[in-house]
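Working notes, beginning with the structure itself.
Here, each number is a calculation from the coordinates, and none is a lab measurement. All of these numbers come straight from a predicted model, not from anything done at the bench. All Cβ positions, glycine included, derive from the backbone under ideal geometry; neighbour counts span all protein chains shown.
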Amino acid sequence: MTTTKTQTLLLLPGDGIGPEVTEEARRVAAHLAPDLRIEEAFFGGVSYDNFGVPLTDEVMARARKADAILMGAVGGPKWDNVPRDKRPEAALLSMRKNLDVYANLRPAFCFPALAGASALKTELVEGLDILIVRELTSGVYFGQPKTIETLPNGERRGIDTQVYTTSEIRRVAARAFELARGRTRTSRFAGVLSCEKSNVMDSGLLWRQEVTKLHQERYSDVKLDHMLADAAAMHLVKAPKDINVLLADNLFGDILSDEASMLTGSIGMLPSASLGDPGVPGLYEPVHGSAPDIAGKGVANPIAAILSLEMVMRWSLGRADVADNIFAAVGKALDGGARTADIGGSMSTRQMADAILNHL
Ligand code: IPM
Ligand code: MG
């Protein structure tokens, strides 16, 4: 007799367009995986409004018990004057840190139908398929000291600390090498392209040394290239198709992934997965923010949220067939002309999701 444990997906719709786009991902999940238990909780600004904190202990405990967590978006001008540790973004950072989901996978994939919608010339992005692996739980986001202090002369000084240890570098680099093994390419940087500023930063020098060492020890079958992060920013818009897996620290990965999103047509298209060691629930989120300017209007693009669900199925729930199905349906909906405003159309959030559901 076989018993299958019920899998749980915790939805954290959050703020702004978060609830609208997560609702569409929920419909897709309910359609394709009716056995999945789907829960929902407050997170971000909406949690602050209700409970005085952006992430309650109770929600954190539920997140640890889930098989995967799908977040919508957090933040908005409403909480601009809230102290930093209570801001919606703090919920996101604590969730990442508490779960220790150190490897943030951000695919930048250009669907054929959208090659013309990119900020770059069509031929530069046609067939583009980059995977950014961003370190997510260390670096300048978390390093101490981190403070604004007042000096004896009355001047104020803001301090952030960029810090990385060997193990922090090695574990995320190992993930990048493993992912590159499953993505064979013949392009110029066919394996892992590791980015840092080793020319000016000691943490960047350590990064380069440790990635090189790990590569020699365990991953010499994968091609490894290094590039300074500023040069990588340039290369991303000059010849993006040269790049396969781009590895970067928390801050450079944040910036380079926003840049890469524009190659694909719209930031409304990009999903992400944040993974830790085996057994840790994965945290999934669209790369786009809460987009307060269009929140509540029902016009946001739900594709990033739906593709984040695709990643949930693939990386946390062991349902690659369902994931393939979702990915293909998004492609077909786009081929059929389905477009929200961000990619040059006029469909509502619901209409776009329906166009995808029609192909499932
Ligand atoms: C992202 C976002 C976050 C980050 C913000 C909202 C804290 O920009 O996920 O890329 O900087 O990590
Ligand atoms: Mg960002």
Exercise. Name the lysines eligible as straight-distance cross-link partners of Lys5: C-alpha to C-alpha under 29 Å, and not fewer than 8 places from it in the same chain.
Key: Lys65, Lys97
Self-check item: aspartates and glutamates whose Cα lies under 20 Å from that of Lys297, excluding same-chain neighbours fewer than 8 positions away
Solution: Asp15, Glu20, Glu23, Glu24, Asp342, Asp354
Quiz item: Using a basic spin-label model with each label point 7 Å from the Cα along Cα→Cβ, how many nm lie between Asp80 and Ala231?
Solution: 4.0 nm
Quiz item: If you take every DSSP beta bridge whose two residues both sit in the chain, what share of them, in percent to the nearest 5, is antiparallel?
Solution: 40 percent
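Show me 6-13, 32-39 ranked by packing, highest mean number of other Cβ atoms within 10 Å first.
Numbers: 6-13: 21.6, 32-39: 14.1.
Descending packing order for the listed peptides: 6-13, 32-39.
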Quiz prompt | From phi via Karplus (6.51, -1.76, 1.60), per-residue ³J(HN,Hα) for the stretch 197-204 in Hz, x at Gly/Pro | solution = 10, 5, 6, 10, 10, 5, 5, x
Self-check item: Rounded Å value of the spacing that divides the Cα centres of the stretch 130-199 and the stretch 244-290
Solution: 13 Å
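When the dipole is taken about the Cα centre of the stretch 1-132, and only Lys, Arg (+1) and Asp, Glu (-1) are charged at their Cβ, what size is it in debye, to the nearest 20?
In debye, rounded to 20, the stretch 1-132 gives about 320.
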Quiz item: Regarding the stretch 119-264, what are the three Cα extents along the principal axes, ordered largest first, in Å?
Solution: 58, 40, 23
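About the Cα centre of the chain, what is the dipole size in debye to 20, counting +1 per Lys and Arg Cβ and -1 per Asp and Glu Cβ, all else neutral? Walk me through the numbers on the way to the answer.
Numbers: 39 positive and 45 negative charges, 92 e Å.
The calculation lands at about 440 debye.
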Quiz prompt | Three-way shape label, the chain, alpha-carbon gyration tensor, a/c 1.5 | solution = rounded
Exercise. Can you tell me the relative contact order of the chain? Whole percent, Cα pairs under 8 Å, sequence separation 6 or more.
Key: 22 percent
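Stokes-Einstein D for the stretch 208-301 at 10 °C, 1.306 mPa s, Kirkwood Rh over Cα pairs, in µm²/s?
Values: Rh = 15.9 Å.
This corresponds to a translational diffusion coefficient of 100 µm²/s.
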Quiz item: Picking from Ala180, Thr264, Ile132, whose Cα lies most toward the positive end of the charge dipole for the stretch 119-264 (charges on Cβ: Lys, Arg +1; Asp, Glu -1)?
Solution: Ala180
Self-check item: Set of lysines with alpha-carbon distance to Lys241 below 27 Å, sequence-local pairs under 8 removed
Solution: Lys121, Lys197, Lys213, Lys223, Lys332
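Treat the count of other C-beta atoms within 10 Å as a stand-in for reagent exposure and order His288, His215 from fewest to most. Please list the in-between numbers first.
Values: His288 26, His215 20.
Ascending Cβ contact count within 10 Å gives the list His215, His288.
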Self-check item: Label-point gap, in nm, between Asn358 and Arg170 - each point 7 angstrom along Cα→Cβ
Solution: 5.3 nm
Self-check item: Positive-pole candidate from Leu251, Leu317, Gly279, dipole of the stretch 221-317, charges at beta carbon
Solution: Leu317
Quiz prompt | Inter-probe distance in nm under a simple model that places probes 7 Å from Cα toward Cβ, at Glu155 and Ala341 | solution = 4.6 nm
